[in-house]
Amino acid sequence: MKQTMPEANVQEMLEEKESELRTRKYIGPFTKVISIIAITWSLFQLYVNSFGVLDAIRLRSWHIIFLLLMTFLLYPAYKKEKRKRSLPTVFDLIWLALGIGSFGYLLVNYNSYVFRGGYLLPIDYIVAGIGVLVVFEAARRVVGNLAILALIFLIYNFIGPYIPGAFGHSGFSVKRVIEHMFWGSQGILGMGVGVSATYIFVFILFGAFLRISGFSNFINDVALTIAGRSAGGPAKVAVFASALMGMINGSALANVATTGTITIPLMKKTGYNANFAAAVEAVASTGGQFTPPIMGAVGFLMAEFLGIPYLKVMIASTIPAFLYYLTLIMAVHFEARKNGLKGIDKENIPRVMEVLKKQGHLSLPLITLLGLMILGYTPLYAAVVSIFATIMASWFSKDTRMGPAKILEALEEGAKGSVGVGIACVIIGVIIGTVSLTGLGLTFGYQVLQFAGEGQIYIAGLFVMVMSIILGMGVPGIAAYVIVATVAAPVLIKAGTTPMAAHMFVLIYASLSNITPPVAMSSYVAAGIANADQTKTSLIAVRLGLTGFILPFFFLNNPLLLMQDGSITRIIMAALSAALGVTCLASGLQGWLLTSTSWLERSLLIVAAFLTIEPSVGLDLVGIVIFIGVLLWQRLTKQKELKWG
């Protein structure tokens with residue numbers, strides 16, 4: 001039976017996974033209160049991340065206070081709560097008071113705690129317990145599944161003595177756990193919320209300014225001019241647009257929900273099968289999370305983990321992202337050729353010069369961002385400057401000009417859009433805190449390495465791949481990366497891979513959980529929009545995104561594809577041969593090259609793909625010979641068909 005979803009179920013699924021879609025809608029004067037809080041928060045974040053000076057603990061505490069304010073005012077306490085209301089409930093105000101009180105207490109008394117050498121008073125434990133409880137309630141409302149996972153990790157701190165085997169531990173007292181989670185630097189106030197209070201918030205705000213300035217329309221028009229007229233043009237437009245927008249917003253689901261409502265019907269109208277159209281959008285939206293230069297803000301978190309400049313992370317992700325999207329572009333091209341699909345009519349495509357003349361100025365913010373980062377400025381500074389560049393660029397045209405109303409709208413939208421990711425970053429502090437307190441990461445790594453055997457990097461990678469996909473299912477992209485980077489990345493590093501390769505490995509697989517059955521959320525939402533079969537869509541998505549599933553294993557032991565450990569010449573050769581490899585892969589999977597391929601030709605193309613993706617001159621040459629052989633045979637076959645047809 002065809003498993004399609006009515007529009008109501010699509011919306012329900014989106015609301016379940018994309019927290020911003022299930023917020024309350026206030027009516028009356030209280031809407032102004034929400035707007036003032038959101039705008040104040042955005043201005044505060046801009047100030048402290050540019051001109052202001054505030055130490056890390058205070059910045060993180062203020063960030064959490066604003067997060068709790070927005071959470072308990074905007075997010076309903078239960079699913080069936082009436083969304084339209086004039087005021088928050090009494091319970092919301094109680095939770096809000098407890099949250100502001102506990103973290104406000106931390107703000108005021110943190111110096112005293114430090115001067116006492118970490119000694120806590122009885123009141124400090126009480127406040128810490130309240131603070132942890134408030135964070136869990138906020139996470140329950142915003143990121144329910146992640147709150148459950150964090151609760152499991154929290155319980156693990158106490159039940160260690162009752163767990164047999166290697167994963168057991170001596171256990172910790174309630175006081176010790178609360179102190180570690182609330183007052184320590186590796187718990188709630190740890191790296192997760194630290195990145196949320198800086199990079200993530202500012203880049204989400206930057207994305208809001210880009211959207212309101214009309215940048216998304218500019219991207220769609222540019223994509224149309226580039227690929228609209230070619231075979232299967234709408235699908236290629238979907239790939240370009242979704243890659244660029246997914247890179248900025250960092251949410252595969254949000255990207256499917258926004259760009260998919262435009263691209264999926266257009267693909268279907270051009271002749272693509274509904275399942276295939278939905279899969280293309282799901283795969284294209286998912287890849288944005290590891291696509292430079294922004295990488296959905298995950299890259300900045302990776303730079304923090306690795307202790308390196310973000311520019312190095314951005315460079316390392318370039319070839320994997322390029323190969324991922326090249327596979328998808330070639331797959332939709334071969335699918336279009338196979339089914340005789342054409343592009344969009346010329347009269348329906350804007351002219352390049354017209355697009356650049358009317359909207360080209362909107363590219364200035366991205367040029368500014370890239371230019372500043374290449375010149376060596378921090379991503380944070382570059383993002384803040386680019387926000388102001390967005391406003392200035394919008395003034396170049398009357399149609400895009402951002403006046404005071406639009407600027408305030410962007411400030412408000414950016415703050416609201418940061419709540420879901422922000423609360424996720426706060427609650428994963430409990431997970432990170434548990435891993436650091438109990439040594440769970442070391443234990444897990446030791447067990448995997450014991451099972452895989454010393455030096456068996458690919459077997460260890462297989463375990464980590466499965467773990468990364470499972471932990472990433474149904475979890476926001478940034479939160480998924482933090483979890484797997486904390487628990488799984490050290491395993492690969494101990495197995496012998498480089499830290500960059502290990503972190504890129506887990507990031508890609510955590511992202512791909514969006515299209516991996518049985519919890520392929522991006523595929524399911526796209527299927528709902530397309531009125532397609534959920535299972536078929538997710539299976540096609542896995543096929544289209546297959547490069548993402550196999551590529552990380554190739555750079556585990558040979559980081560040339562991450563632009564590391566090799567000369568420029570070797571890196572370029574590896575990238576070019578891999579590009580040929582993914583083209584062979586797309587051709588073999590879609591069953592088309594110059595004409596329809598036989599099973600033997602498909603098998604040879606897939607073999608050629610694996611040989612050329614692996615950075616090795618000898619294997620590349622063998623793969624190229626196989627590809628040329630299939631190509632020449634196809635050309636000969638096609639000529640015979642024309643002669644006798």
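The values are calculated or read from the model by the stated rules, or taken from the named source; none is laboratory data. Computed from a predicted structure; not experimentally measured. When we count neighbours, we look across all protein chains shown, and the Cβ atoms used for this are built from the backbone with ideal geometry, even at glycine.
Structure notes:
- Going through (1) surrounded by fewer than 17 Cβ atoms within 10 Å (Cβ to Cβ); (2) without any contact (Cβ under 8 Å) to a residue 60 or more places away in the chain; (3) touching a helix residue (DSSP H, G or I) at 6+ places or on another chain (Cβ under 9 Å) one by one, LYS80 falls short only on (3).
- Set side by side, the residues ALA235, ALA274 differ, and just one is in contact with a Lys or Arg (Cβ under 8 Å, 6 or more places away or on another chain), more than 23 Å from LYS416 (Cβ to Cβ) and small (Gly, Ala, Ser), which is ALA274.
- Yes/no for GLU409 being closer than 30 Å to ARG602 by Cα and touching a residue at least 60 places away in the same chain (Cβ under 8 Å): no
- Residue list for the stretch 106-145, restricted to those being crowded, with 18+ Cβ neighbours inside 10 Å and free of Cβ contacts under 8 Å to residues at least 24 places away in the same chain: ARG140
Residue-wise test of (1) in a helix (DSSP H, G or I); (2) at pLDDT below 80; (3) closer than 22 Å to LEU440 by Cα.
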position: PRO490; (1), (2), (3): yes, no, yes
position: ILE493; (1), (2), (3): yes, no, yes
position: THR497; (1), (2), (3): no, no, yes
position: ALA502; (1), (2), (3): yes, no, yes
position: LEU507; (1), (2), (3): yes, no, yes
position: SER523; (1), (2), (3): yes, no, no
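- From the options ALA586, ALA527, ALA541, residue that is closer than 22 Å to ASP620 by Cβ and of a type in the set (A, V, I, L, M, F, W, C): ALA586
- Some residue of the stretch 39-49 being loosely packed, with under 12 Cβ neighbours inside 10 Å and either modelled with pLDDT of 85 or more or not in a helix (DSSP H, G or I) (or both): no
- Checklist (1) within 30 Å of GLU354 (Cβ to Cβ); (2) at pLDDT 90 or above applied to ALA208, failing item: (2)
- Looking at the stretch 365-477, the helices (runs of 4 or more DSSP H) lying wholly inside it that each contain 2 or more residues that are within 18 Å of SER42 (Cα to Cα), in contact with a helix residue (DSSP H, G or I) (Cβ under 7 Å, 6 or more places away or on another chain) and not assigned by TED's automatic domain parsing to the domain that holds GLY52 sit at 379-394, 404-438.
- Among the numbered conditions (1) out of contact with any helix residue (DSSP H, G or I) (no Cβ under 9 Å at 6 or more places or on another chain); (2) part of a loop (DSSP other than H, G, I, E, B), the only one that TYR272 does not meet is (1).
- Those helices (runs of 4 or more DSSP H) lying entirely in the stretch 137-253 with at least 1 residues touching a helix residue (DSSP H, G or I) at 6+ places or on another chain (Cβ under 7 Å) and assigned by TED's automatic domain parsing to the domain that holds TYR119: 144-159, 174-178, 191-195
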